[in-house]
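Read-outs: derived from the displayed coordinates by stated rules, not from any lab. Please read these numbers as outputs of a predicted model, since none were measured by experiment. We place every Cβ from the backbone using ideal geometry, glycine too, and count neighbours over all the protein chains shown.
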Amino acid sequence: MIAEQLRLEDGIYETIVKKNPVIKKKLTDPKKILAPIPGVINRVIHQSGTKINTGETILTLEAMKMECEITASISGRVKEIRVRPGEKVEKNQILAVLEEIDDDRKNG
């Protein structure tokens with residue numbers, strides 16, 4: 001820990017900063033694909049029912065003149081696409097919902 005002291009007329013004040021602070025990340029459901037930033041949907045690459053792998057691009061989002069690939073967080077199937085090309089979306093809006101499928105069904 002790092003400690004700093006500040007001496008004033010009414011007393012001594014101390015600030016303590018941890019060397020390795022713990023940052024708590026908000027847990028999200030990996031089955032829900034959220035918009036990381038506001039923007040406009042460019043392309044929907046996979047429709048409902050499509051089998052996908054982790055990291056595979058589901059759709060693209062244009063924001064600040066850049067095209068962002070929105071990828072699958074899990075392997076499985078696209079259960080639902082909630083947006084269309086040209087649609088404006090807000091940060092953290094649900095764009096798609098995924099579902100896990102049994103390994104036997106993935107291979108067959």
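The residue that is surrounded by the fewest Cβ atoms within 10 Å (Cβ to Cβ), counting only those in region 68-95 that are among the hydrophobic types (A, V, I, L, M, F, W, C) and either in contact with a Gly (Cβ under 9 Å, 6 or more places away or on another chain) or farther than 17 Å from Gly49 by Cβ (or both), is Ile94. Candidates in region 41-56 are the residues that are surrounded by 14 or more Cβ atoms within 10 Å (Cβ to Cβ) and under 16 Å from the mean Cα position of the chain (by Cα); of these, the one that is nearest to Lys88 (Cα to Cα) is Ile41.
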